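Below is one structure, written out as C-alpha cells; comments come after it.
Read-outs: derived from the displayed coordinates by stated rules, not from any lab. Everything quoted here is computed from the prediction, not taken from an experiment. Because the Cβ atoms are built from the backbone with ideal geometry, glycine has one as well, and the counts that use them run over all protein chains shown.
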Amino acid sequence: MAFFTMAIVAPKHKFLFALTLVFAIGLHMAVAGDADILSDFTVPPNTTADAKFFTFTGMRVLVGAPPPPSFKVLKASMAEFPALNGQSVSYAVLEYPAGSVNPLHTHPRASELLFLIDGSLDVGFVDTTNKIFTQTLQAGDLFMFPKGLVHYQYNQDAQKPAFAISAFGSASAGTVSIPTTVFNTSIYDGILAKSFKTDVVTIRKLEAGLAH
C-alpha cells in the first residue's frame, strides 16, 4: 500500500501522515477476513489435491435421518474440510427440535448469515451498546449475526422442529459458548458470584446443571 512507503515527511505534515497511516491500518484490519493466500488453494502435507480433496461428504448423515433429540450443529469448517483453508468461507447445518435453543454464543472470527429452511425461529443478538435486536423467522428468511456479537436462536414451537444452514465469512469462525465458557471452566466461583451479584451456592447449581 502507498501508505506504507517510506518517505521524508515535512515536520508540519508528520501528524497528518501518522493519522493517515493509523486510519489505513485500521481500515485494513476492519475489512480483513482470513489471511490471503498466495496460491489458488492450500493443501496440507502428504495430501493429494484431487477432486476428492475439494469434496465434503460429512453432511450425508443428514439425508433421511430423524430429527435429533436436542439441538445439534454439523459443521463444515477448516477442521472438518481442510480444502477451506484460506478461502474465507465455511458452513454449518443446524437442527432445532421442538422447544430447543442454540444457547448464547459468539463467533470471534466471522459474521454469520443464517438461512432458515424449515420451521420457525426466534433469533437475536446484542450489540456493544447493549441494544438487543430480535426477530421471528419463517422458512425462507435469512438473518445476519454480526461478527463477534453475542447471539442465539430459539425454536419456540412445542411441536415442530426447525432446520437452518449458516454461512460464515471465515474458514474457522470459532464458537464461544457463553454458558460453557462462564460456568464450565475453572473461573473461581467467588469471582462468578460477585460478577453476577449472587452467591456461590447459586453459581454451583448453575455449574452442576450445565455439567449434564
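Volume per residue, Å³, of the convex hull around the alpha-carbon atoms of the range 51-174?
With only Cα atoms used, the range 51-174 gives 102 Å³ per residue.
Report relative contact order for the range 51-174 in percent, whole number only (criteria: Cα-Cα under 8 Å, sequence separation at least 6).
Numbers: 297 pairs, mean separation 42.4, N = 124.
Value for the range 51-174: 34 percent.
Among HIS105, HIS151, what is the fewest-to-most ranking by other Cβ atoms within 10 Å?
The most exposed by this proxy come first: HIS105, HIS151.
Would you list SER111, SER90 from fewest to most Cβ contacts within 10 Å? Numbers along the way, then the final one.
Values: SER111 17, SER90 26.
Fewest to most other Cβ atoms nearby, the residues stand as SER111, SER90.
Got a sec? How would THR185, THR106 order by Cβ neighbour count within 10 Å, fewest to most?
Final ranking by Cβ density, sparse to dense: THR185, THR106.
Are any of the pairs LYS75/LYS194; LYS52/LYS160; LYS72/LYS194; LYS131/LYS205; LYS131/LYS197; LYS75/LYS131 more than 31 Å apart by Cα-Cα distance, and if so, which?
On the way: LYS75/LYS194 36 Å; LYS52/LYS160 36 Å; LYS72/LYS194 33 Å; LYS131/LYS205 29 Å; LYS131/LYS197 22 Å; LYS75/LYS131 29 Å.
Where the Cα-Cα span goes over 31 Å, the pairs concerned are LYS75/LYS194; LYS52/LYS160; LYS72/LYS194.
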